[in-house]
Structures are given as C-alpha cells and as structure tokens.
1. With respect to the numbered conditions (1) at pLDDT below 90; (2) open to solvent by less than 60 Å² (accessible area, probe 1.4 Å); (3) not aromatic (Phe, Trp, Tyr), which one is the sole condition not fulfilled by LYS211?
2. Quick one: count up the residues across segment 247-256 that are surrounded by fewer than 20 Cβ atoms within 10 Å (Cβ to Cβ) and either more than 14 Å from the chain's Cα centre (by Cα) or in contact (Cβ under 8 Å) with a residue 60 or more places away in the chain (or both).
3. If you check GLN24, GLN17, GLN33, which single one turns out to be modelled with pLDDT of 75 or more and under 27 Å from PHE213 (Cβ atoms)?
4. Which members of segment 112-131 meet the condition of being modelled with pLDDT under 90 and open to solvent by less than 20 Å² (accessible area, probe 1.4 Å)?
Amino acid sequence: GGEAAIVYAFETTEQRQLQAEYTQSQKMFAIGQLAGGVAHDFNNVLQAISGHADLLLLTHKPSDPAFADIMEIKQNSNRAASLVRHLLAFSRKQTLRPQVIQLGEVLSDLSMMLRRTIGDRVVLDMVHGRDLWPVKADTGQIENAIINLSVNARDAMPEGGRLTIRTANVAAADLPKYRVRGQPTDMPDLDQVMIDVVDTGTGISPEILKKIFEPFFSTKEIGKGTGLGLSSVYGIIKQSGGYVFVESEVGKGTTFRIFLPRWDGAE
C-alpha cells in the first residue's frame, strides 16, 4: 500500500565486448577495402615508373653520370612494389596459387633459412605433430607469413631466447581448448591444422595487442619497420581460409596461433 522503488541491474560486460569486437572488425574490413583499392592504383603508377627507368638504363652506359640516379629510381620503385604486395596481402586481394601441401615438409624445408634469419642468439625449435593432415594453400605465401612472424620474434628477443614453431592436428571437437580468449572468431567447427609460433621475448601489452594486425601500426623505431608485416600475415592466412590469433604476456613472450582447414579432397 506504500510507495516503492524497483531497481533493475543488467550485466552488460559481454554485450559491450561484442560491440567493441564488431566495431574493430568493421574498421579492419574498411581499411582492407581502402588498402586494396589504393594498392592496385599505386601499382599501376609504379609499373610506369619502373618501365621508364628500364628504358633509360638501356640508353645510358654505367659510366654515364646519370646512370647511378636512374638505378636509384629503379631500386626505390622495387621497394615500393614490395610494400604494395604487403598491402594486397593485408586486403586479401593478391593472387594466390594454392596447392595441397604438407605443412611439416614446408616448414622443415624452411628451417635452414629461418636459422640464418634469426641469428645465433635465438635457438630455433621445430616440433611437428605426427601424421599432419594436408592443407590447401600457397606455399610461398605461407612461408612468407612464417618468416614475418619469426623476424618479429627475433626482434622481441634482443638478448637472445628461444623460438618454437609447433604444428599439430586439431579435431573439430577439440577447437574450444585452443581458442584465444577475448578475441573474436567465426571459425567453423572443422578439423584444422595448427601452427604455433612461440617466442620467449618481451611480450606485448594488452593496449598494443588490440592493434597488432592493423596496417602501418608498428612499435619499432622509425626506419626499422613498415608496420605491414603482421597485417600481411593476417591477410595471407585469411585469404587461405585460415585464422590467426595472438596471446601474449609482458616479460614472458608471445604466441601466434594459426589455423588452416584440413583439406578433405573436395573442391
């Protein structure tokens, strides 16, 4: 018979997290669309510059004072073309030549180059799962992605450390065990082949972790990175039908986890 106040309390943490993840995915999609369009147009301009530089080289001898300048134009256009390839990889608009491959064999062939790339201070461990399932992907692009991750791992261990590249089969029923908390995923419940790239480096703070796959985002000093390495890894894996996640702890190291769908023989 008297006045009353009714108080409702709603837990909105999960809803806010989903909204933030959706906003981030929309932003990444928009950046990818923009990067792809700009990269194609820029590539056309670069071809014209490079082609005219080649014509000038044909008409100038090495003893000509202008020869060195023309070579500089040619070399810089080649560097710019490399950046375009990274952008196309991020925007998932590059041309891939997928084939059925065994990841264990691909990574074993790559191990010698990786050891030279990461240097003597970093110990490389290759741990392959038994009877890995085949996957369908572009061998060169998968190698490119692993090299990018390994170089980043090396830079995160200036005093040396250990880089472990681990492969394993993950059945669809076991996928929840390997999903990284706090990161959105629409990964279907299918059999996957997993690649873990684990370092014992400085780790990545949560604030930086949110932006890690964005193009041109880099924590390296000016002149020591383009900020396109991880974004191109993201694009290569997504264009190959796979997924890539990252988990890290400051002072303990970082793990990049790649999933590629098992090839079942059907087109």
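1. LYS211 satisfies every listed condition except (2).
2. Count: 5.
3. GLN17
4. Hits for segment 112-131 are LEU114, ILE118.
The values are calculated or read from the model by the stated rules, or taken from the named source; none is laboratory data. These numbers were taken from a predicted model, which means no experiment stands behind them. Virtual Cβ from ideal backbone geometry, glycine too; neighbours counted across all protein chains shown. Just the protein is used for accessible areas: all its heavy atoms, side chains included, with ligands, DNA and RNA removed. Shrake-Rupley method; radii C 1.70, N 1.55, O 1.52, S 1.80 Å.
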